[in-house]
Amino acid sequence: MDQSKTPVLDALAAYHETGQTPFTPPGHKQGRGADPRVRAVLGDAVFRSDVLATSGLDDRTSSHGVIEEAQALMAEAVGADHAFFSTCGSSLSVKSAMLSVAGPHEELLVGRDAHKSVVSGLILSGIRPVWVDPQWDAERHLAHPPSAEAFEAAFAAHPDARGALVTTPTPYGTCSDLAAIAEVCHARGKPLVVDEAWGAHLPFHPDLPTWAMDAGADVCVTSVHKMGSGLEQSSVFHLQGDLVKPEVLKSREDLLGTTSPSVLVYAALDGWRRQMVEQGKALYGDALELARQLRDQIARIDGVRVHGREDFCGPGKAADTDPLQIIIDISAWNVTGYRAADWLRRHHRVNLHLADHRRISAQLTHADDECSARVLLTALTDLAAYVGELRTGQPVEVPAPARLRLEQTALPRDAFFGPTEQVPWQKAAGRIAAEMLTPYPPGIPAALPGERLTDDVLRYLRSGVEAGMVVPDAADTEVNSVRVSIESGRAGAGA
């Protein structure tokens, strides 16, 4: 195929050139009806190109195949058999992938470090998760993706599981040995789904970690808005092999997806693919060199450690790491990452990727340059001079990994939709969670529906909130109370 083509962008240009008049949504009619105060902020071009996908960009029957051609070009660009665009983010894409592999009450092996969107998929589908434990770095209080051996053991204990799902890279940039996990799955004729939301850039430079399709995964979900040039909510999920049928995957996406996809998102995806095919290796070569230099410079700041392969990779840890995720341990300062991130935003207008109880991180992409790197380095250098003011004496009580792990006593769907009540957090130990309790970012639930809560996890969440952690999906975001299932024989007011 001609990778210089951009079917969506070309069709959008033709729409403008032919002077078409819409009597269809969107109701702003290319901005003519938009409030001028809104247009002053968003710009006229946004509204002008916000047109209907069918009976607009394409005809009523999509006979020109604009989106289909753009998806085929994307698949060829990254070496997949099929590619599907999503304008609802990878949160939708990963649900579509899960539903194409397993159905209600069927088992699916899932790494317990999965994003909350995976848990949402379990709630919606009624799939029974078989949790596969991540590899835990007890020294640094950090989870890396599960090993191939852990998936092997899980399949041995649950031979009827329909497939496996693993998240890699993690938001911290650490990667699993996908080729080994794919081999474990395929030896049993089972598909491997990879939530590679943080890895859309991986196919385009040889010095980046191996991307899922090259490692043998069957379905791979990528968030192009995270590490690529896509607009927010832009996602692509890829398919290869014959363990998952393309028509099944497409039908699951149709079930969950919007009937009003954003042409703006489609157009940005189309243009990003062309940019990566033509310039991706050079752009990411520059980004990797910038990251190397910036890592060296940050490491010279007193009291910080910039994590790299020597910390994150090796036996019992990750198989690889993405150097564009700059993970900075500030535990020697006795300052939480939450406080540091808030200070950087307030004093330097620098927004970090994530913050936890002892780390902050900055995400670099091909869009960064010496100017943005200088802003980050200046802000971090200044931060070091003020750490004494940021100490709170409120440590986050992070349990050992065995005590972080909760017992799954009910299907996530059953616990979420069953009778519930709100109880004080001090009385929630021993009760079954009926909601997700997710420190965000990175968005990995500490507790999820159907898991039995413990004092250790509740104290971790409460101490985290007091230190600055955000738990946005809880009914009570301060975690002063928790939504739990009303079990048979327990009295309580339903909610």
Applying the selection to the range 154-180, what residues are among the small types (Gly, Ala, Ser), assigned to a loop (DSSP other than H, G, I, E, B) and closer than 12 Å to Ala212 by Cβ? Ser176
So how many residues does the range 75-112 have that are open to solvent by less than 10 Å² (accessible area, probe 1.4 Å) and in a loop (DSSP other than H, G, I, E, B)? 1
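Only one of these is open to solvent by 60 Å² or more (accessible area, probe 1.4 Å), touching a residue at least 40 places away in the same chain (Cβ under 8 Å), among the charged types (D, E, K, R) and in a loop (DSSP other than H, G, I, E, B): Asp302, Asp242. Name it.
Asp302
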Name the pairs: first residue in the range 376-388 and closer than 16 Å to Ile327 by Cβ, second residue part of a helix (DSSP H, G or I) and of a type outside the set (A, V, I, L, M), Cβ to Cβ under 6 Å, at least 6 apart or on different chains? Leu377/Gln297
In this structure, is Phe47 assigned to a helix (DSSP H, G or I), open to solvent by 20 Å² or more (accessible area, probe 1.4 Å) and of a type in the set (Phe, Trp, Tyr)? yes
Scanning the range 10-37 for residues that are open to solvent by less than 60 Å² (accessible area, probe 1.4 Å) and either of a type in the set (Asp, Glu) or in a helix (DSSP H, G or I) (or both), which turns out farthest from Thr259 (Cα to Cα)? Asp35
Hey, among the residues in the range 126-137 that are in contact with a Gly (Cβ under 9 Å, 6 or more places away or on another chain), modelled with pLDDT of 95 or more and not in a loop (DSSP other than H, G, I, E, B), which one's farthest from Val166 (Cα to Cα)? Pro129
Evaluate the range 181-196: report whether one residue or more is of a type in the set (Gly, Ala, Ser), outside any strand (DSSP E or B), over 15 Å from Ala319 (Cα atoms) and open to solvent by 10 Å² or more (accessible area, probe 1.4 Å). yes
Report yes if Asp270 is touching a residue at least 24 places away in the same chain (Cβ under 8 Å), more than 20 Å from Ser93 (Cβ to Cβ) and in a helix (DSSP H, G or I), otherwise no. no
Per the filter on the range 278-297, residues open to solvent by 60 Å² or more (accessible area, probe 1.4 Å) and either of a type in the set (Asp, Glu) or in contact with a Ser or Thr (Cβ under 8 Å, 6 or more places away or on another chain) (or both) are Glu278, Asp286, Glu289, Asp296
Looking at Val471, Val457, Val396, which is the one that is open to solvent by less than 50 Å² (accessible area, probe 1.4 Å), touching a residue at least 24 places away in the same chain (Cβ under 8 Å), touching a His at 6+ places or on another chain (Cβ under 6 Å) and under 27 Å from Ala355 (Cβ atoms)? Val396
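The values are calculated or read from the model by the stated rules, or taken from the named source; none is laboratory data. Just so you know, these numbers come straight off a predicted model, no measurement behind them. When we count neighbours, we look across all protein chains shown, and the Cβ atoms used for this are built from the backbone with ideal geometry, even at glycine. Note: areas computed on protein heavy atoms with side chains; ligands, DNA, RNA excluded. Shrake-Rupley method; radii C 1.70, N 1.55, O 1.52, S 1.80 Å.
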